[in-house]
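A.B. asks: My questions all concern the structure below.
No lab work stands behind these numbers, since they all come straight from the coordinates. The shown structure was predicted, so the numbers you read here are calculated from the model rather than taken from an experiment. Here the Cβ positions follow ideal geometry from the backbone for every residue, glycine too, while neighbour counts run over all protein chains shown.
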Amino acid sequence: MDNLFEKIIFYFQFPFVQYAFIVGILIALCSSLLGVTLVLKRFSFIGDGLSHVAFGALAVSGVLRLTNDMLVVLPVTILSAVLLLSTGKNAKIKGDAAIAMISVGALAIGYLLMNIFSTSSNLSGDVCSTLFGSTSILSLSKAEVWLCIILSIVVLLVYILFYNKIFSVTFDENFARATGIKAGAYNLLIAVIIAVIIVLAMNLVGSLLISALVIFPALSSMRVFKSFRSVTVCSACLSVTCASLGILVSILAGTPVGSTIVAVDIFAFIVFYFIGLIKKVGI
Amino acid sequence: MVQLACKNLSVGYEGKEILHNINFSINQGDYLCIVGENGSGKSTLMKTILGLHSPMSGKIITENGLASTKIGYLPQQTVVQRDFPASVKEIVISGCQSRCGFRPFYNRAEKQLAISNMKKMGIENLASRCYRELSGGQQQRVLLARALCATQKMLLLDEPVAGLDPKVTEEMYEIISSLSKNDGITIIMITHDVRAALKYATHILHIGDDVFFGTKNQYLCHKFGKEYQSKGMIDNG
C-alpha cells in the first residue's frame, strides 16, 4: 500500500500529470452537469453527432497546420450545434437524419483529410488518439490548460445562473414558453454549452467516448435520486470521482485514460442500478 | 369586464389552417369550456391564445392587465415528464419563473407563493416526493399548483382529467370549480366531457364544422345542445 502511495506521489511531481488531473476533473464536472438535461430532453444523440463534427474539425485544422486547433474546432462545433438544433426541432425524422448525415460525414471527411495530408509517420496512432484520447491529456500545454480552466468556469457559471430556467425548459417547454420564457434561446444556450464541453472533453476521452462522460453519471444518479437538484449534484460528484479514479488507475496501470474513465463510469452505473433496485424493493 | 377576446381568429400550424373565423370574448370570472371532436383544433386554439403558435389571421386581445404571459397553463402531459426526476416543490416553484425575468434565483415571496399554492391543492405533504412516483390525480394537482404560481387571473386547462378515474375526475372538477368561484379566476378548459361542461361552465365554445359560442343556456337551446340532450345523457345535478 505504501508503495502505491509513493508511486502516486512520484507521478504527481510531474507537471503534465498535475495538468491532466486538473483538466480531467474540470471536464468531468462540466460534462456531467448538462447530462441530466440532455438525457431528459432526448438530446443525447446531439452530443454524439457533435463529437464527430469536432473530430472532423480537428482533422481540418491538422491539415491547415494550425498551432492552436481550438480556434477552428470550437467555432465549427458551436455552429453545428446551432444548426442541428434548429433542424431537429420541427421535423423529428428529418432532424435525426440530418444529425446522422452531419456526424458520419464529418467523421469520414476527417479521416480522409488526415490520410491524404498526413504529416506524421504514425497515422493510425494519430487517428486512434483523436478518437479515443489515449495520450493527448498527458501532453497538454500550459496554454491549453488555462483555456480549459477558463472555459470550465464559464460553463459552470452559466449553468448555475440559468439553473432554474434550464429546469423549466427541460421539464416542460410548452409551459415555459407560455409563461414568457424564451425557450428557443435557452435551447440554443444548452446547445452551445454542449459544444464547448465536447471540445473540452476531446482532450480527456477522445471524440468517440464523450457521450459516455455526459450520459453515464446522469443515468446513474437518476436511478437513485428523486429531485432535479439532487440528481444534478450527485452526477457532478460521481463524474468527478470516476474521472479521478480513472486517471489514477490509468497512470498506475498504464491503461489508456479515456477508456479507463469510461470503464469506471460503467462500473458506477451498475452499482447505482442495483442500489436503485434495492431502494425500490425496500420501500 | 372583458378579459380576453378573439376577433376573426384563424388558427393552424405549419401553414395549414384548422379553424377559421373564431369570435368570442370572455369576462373576468367566466368559466368557458371548449368542446368539439378530436382533431377539431381545440389544443391548437389554446396554444394560439397562449402565444405558442402565432395566429394565421385575426386578433387576440387581452385586457385589464392580462398579458398572454400571465396566463396559467395546464398542458397535457408529455412523454418526457413521465420519467423526470424532480420533486413536487421544484416543479411547483418553476411556475414562478416568469416573475423572475433575468433574476437567476427565486426570492422569498415566490417560495411563499409556491407553498401556499401547494396548500391550496392539498399537496403540501407531497412537497419532497418525486413527481414520477405520484398517481395521475396527484400529478395533475402539482401541475395545477404550478399554473397557479404563474397567474392570479386566468387558467387554461387542456383536458385536465384525461386518464383519471371517475372519482379523481370529479375531485379535479371540484377543485377547478372552486378556483373559479372562490378565487375569481377565469377558466378556459378543453374537455371531451359535455356533461361536465354543462355542469360547471358558464359559457360553451363548440368548435368543428360549425362554431358555436354562447352561455350554457344558449347552448342547451342550440342544435348542438339539443342533439346532446336527445341522446339522454344530460345530468343537471
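A.B. asks: By the gyration tensor of its Cα atoms, with a ≥ b ≥ c the square roots of the eigenvalues, what is the shape of segment A:2-277: rounded for a/c under 1.5, prolate for a/b over b/c, or oblate?
C.D. replies: Numbers: a/c = 1.82, a/b = 1.16, b/c = 1.58.
Oblate.
A.B. asks: With the contact rule set at Cα under 8 Å and sequence spacing of 6 or more, what percent relative contact order holds for chain B? Numbers along the way, then the final one.
C.D. replies: Details: 405 pairs, mean separation 61.4, N = 237.
Computed value for chain B: 26 percent relative contact order.
A.B. asks: Which whole-number percent gives the relative contact order of chain A, counting Cα pairs below 8 Å spaced six or more residues apart? Spell out each step's value before the answer.
C.D. replies: On the way: 358 pairs, mean separation 85.9, N = 283.
Once divided by the residue count of chain A, the mean separation gives 30 percent.
A.B. asks: Please work out the C-alpha center-to-center distance from segment B:1-69 to segment A:244-283 and express it in whole Å.
C.D. replies: Each part's Cα centre sits 52 Å from the other's.
A.B. asks: OK, next. With θ taken as phi - 60° and the coefficients 6.51, -1.76 and 1.60, list the Karplus ³J(HN,Hα) couplings across segment B:37-46 in order, rounded to whole Hz; mark glycine and proline as x.
C.D. replies: 3J(HN,Hα) across segment B:37-46, in whole Hz: 5, 4, x, 7, x, 4, 5, 5, 4, 5.
A.B. asks: Now, a different point. What's the longest bit of chain A with no exposed trypsin sites (Lys or Arg not before Pro), using DSSP loop states and at most 13 other Cβ atoms within 10 Å as the test? Write down the numbers at each step before the final one.
C.D. replies: Values: sites that count: A:Arg42, A:Arg65, A:Lys182.
Longest site-free region, per DSSP loop and neighbour criteria: A:66-181.
A.B. asks: Sort A:Ser259, A:Ser80, A:Ser51 so that the residue with the fewest other Cβ atoms within 10 Å of its own Cβ comes first and the one with the most comes last. Working shown, then result.
C.D. replies: Working: A:Ser259 19, A:Ser80 25, A:Ser51 29.
Placing the least packed residue first, the sequence is A:Ser259, A:Ser80, A:Ser51.
A.B. asks: Which residues' amide hydrogens lie under 5 Å from the amide hydrogen of B:Leu74, considering only partners 5 or more residues apart or on another chain, with H built in the peptide plane?
C.D. replies: Under 5 Å from the amide H of B:Leu74: B:Leu156, B:Leu157, B:Asp158.
A.B. asks: Could you identify which residue out of A:Ile210, A:Ile27, A:Ile153 has the top mean-square fluctuation in a GNM of chain A using Cα springs shorter than 10 Å?
C.D. replies: In the Gaussian network model the winner is A:Ile153.
A.B. asks: If you plug each phi of segment A:184-189 into the Karplus form 6.51 cos²θ - 1.76 cosθ + 1.60 with θ = phi - 60°, what whole-Hz ³J(HN,Hα) values come out, in order, with x for Gly and Pro?
C.D. replies: Along segment A:184-189, the couplings run x, 5, 6, 4, 4, 4 Hz.
A.B. asks: Here's a follow-up. Report the Rg/Rh value for chain B, based on alpha-carbon coordinates and the Kirkwood definition of Rh. Don't jump to the answer; show the numbers that get you there.
C.D. replies: Values: Rg = 17.9 Å, Rh = 18.6 Å.
My calculation of the ratio gives 0.96.
A.B. asks: Another one. For B:Ile18, list long-range residues whose amide hydrogen, built 1.01 Å from N in the peptide plane, is under 5 Å from its own amide hydrogen.
C.D. replies: B:Val11, B:Gly12, B:Tyr13
A.B. asks: For the protein assembly as shown, what are Rg and Dmax over the alpha carbons, in angstrom?
C.D. replies: That works out to 27.4, 92 Å for Rg and Dmax.
A.B. asks: Here is the link list: B:Lys7/B:Lys70; A:Lys280/B:Lys167; B:Lys16/B:Lys199. Which ones come out longer than 25 Å on Cα distance? Can you show the working numbers first?
C.D. replies: Details: B:Lys7/B:Lys70 20 Å; A:Lys280/B:Lys167 28 Å; B:Lys16/B:Lys199 34 Å.
The answer is A:Lys280/B:Lys167; B:Lys16/B:Lys199.
A.B. asks: With every atom except the alpha carbons ignored, what do you get for Rg and Dmax of segment A:169-278, in angstroms?
C.D. replies: Cα-based Rg and Dmax for segment A:169-278 come out at 16.3, 54 Å.
A.B. asks: Taking only Cα atoms, what is the 0 to 90° angle, nearest 10, from helix B:108-120's long axis to the longest principal axis of chain B?
C.D. replies: In chain B, helix B:108-120 runs at an angle near 60 degrees to the longest axis.
A.B. asks: Sticking with this one: Determine ³J(HN,Hα), in whole Hz, for all residues of segment A:255-265 in sequence, where each value follows from phi through the Karplus function 6.51 cos²θ - 1.76 cosθ + 1.60 and θ = phi - 60°; x replaces Gly and Pro.
C.D. replies: 8, x, 4, x, 5, 5, 4, 5, 4, 5, 4
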